[in-house]
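Working notes, beginning with the structure itself.
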């Protein structure tokens with residue numbers, strides 16, 4: 001799993017099975033086996049923290065910087081694709097804005 005990849009993840013009963021974008025780097029040998037992601041939603045609200053995303057085979061949607069999470073790598077089902085460098089940079093910018101970093 002690498003930064004910028006879109007994966008289908010099982011986020012539990014409340015979070016559903018949904019596409020997410022990997023934001024974290026692969027963990028080292030001594031690190032916790034966690035992956036940090038931002039959710040992809042088709043229920044867009046037009047907030048300043050959403051980044052529109054269209055991908056062949058997916059409904060129109062957006063990555064929501066307010067929907068950050070971390071979970072064990074075993075929750076990830078399969079790789080769906082990647083985002084381009086410009087989209088990843090925009091998502092990173094929105095995450096920084098949301099967290100005031």
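Here are some notes:
- Residues within segment 78-95 that are surrounded by fewer than 16 Cβ atoms within 10 Å (Cβ to Cβ) and closer than 22 Å to residue 33 by Cβ, tallied: 2
- Inside segment 9-23, residues that are touching a strand residue (DSSP E or B) at 6+ places or on another chain (Cβ under 7 Å), without any contact (Cβ under 8 Å) to a residue 24 or more places away in the chain and in a loop (DSSP other than H, G, I, E, B) make up a count of 0.
- Some residue of segment 3-11 being more than 13 Å from the chain's Cα centre (by Cα) and surrounded by 12 or more Cβ atoms within 10 Å (Cβ to Cβ): no
- Hits in segment 61-77 (condition: surrounded by fewer than 11 Cβ atoms within 10 Å (Cβ to Cβ) and within 16 Å of residue 38 (Cα to Cα)): 72
We did not get these values from a lab; they are worked out from the coordinates using the rules stated. For clarity, every value in this text was computed on a predicted model and none was experimentally measured. In this analysis, Cβ positions are derived from the backbone assuming ideal geometry, glycine residues included, and neighbour counts consider all displayed protein chains.
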